[in-house]
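Trainee: Got a structure here, written out as structure tokens. Questions coming.
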């Protein structure tokens with residue numbers, strides 16, 4: 001599921017590569033965050049699948065993050 005359109009970039013990268021469209025109820029979006037030291041060789045990508053609803057979102061991912069790796 002990686003690399004699919006539309007890309008919703010981090011706010012700082014939006015002017016060069018952001019999606020200027022509409023996110024509508026019924027869409028499923030993968031929210032990814034890469035966490036690592038800038039210029040470092042290691043990091044972790046955290047990912048959640050979310051369904052856009054009329055009132056917000058529903059998180060579809062049901063596997064918890066490994067707590068020991070988050071601290």
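Taken together, the values in this text are just the output of simple stated rules run on the coordinates, not laboratory data. Just so it is clear, the model here is predicted, and its values are computed rather than measured. Here the Cβ positions follow ideal geometry from the backbone for every residue, glycine too, while neighbour counts run over all protein chains shown.
Trainee: Consider all pairwise Cα distances in the range 13-69 and report the whole-number % of them above 19 Å.
Mentor: Result for the distance tail: 49 percent.
Trainee: For a quick check: sort 60, 41 by the number of other beta carbons within 10 angstrom, fewest at the front.
Mentor: In order of increasing Cβ crowding within 10 Å: 41, 60.
Trainee: For 59, 50, what ranking results if the residue with the fewest other Cβ atoms within 10 Å of its Cβ goes first?
Mentor: Taking fewest neighbouring Cβ atoms as first place, the list is 59, 50.
Trainee: Still on this structure, I have one more. Quick check: residue separation of residue 34 and residue 49 times 0.36 nm, minus the Cα distance between them. What number comes out in nm?
Mentor: On the way: separation 15, 0.36 × 15 = 5.40 nm, distance 1.50 nm.
My answer for the length gained is 3.9 nm.
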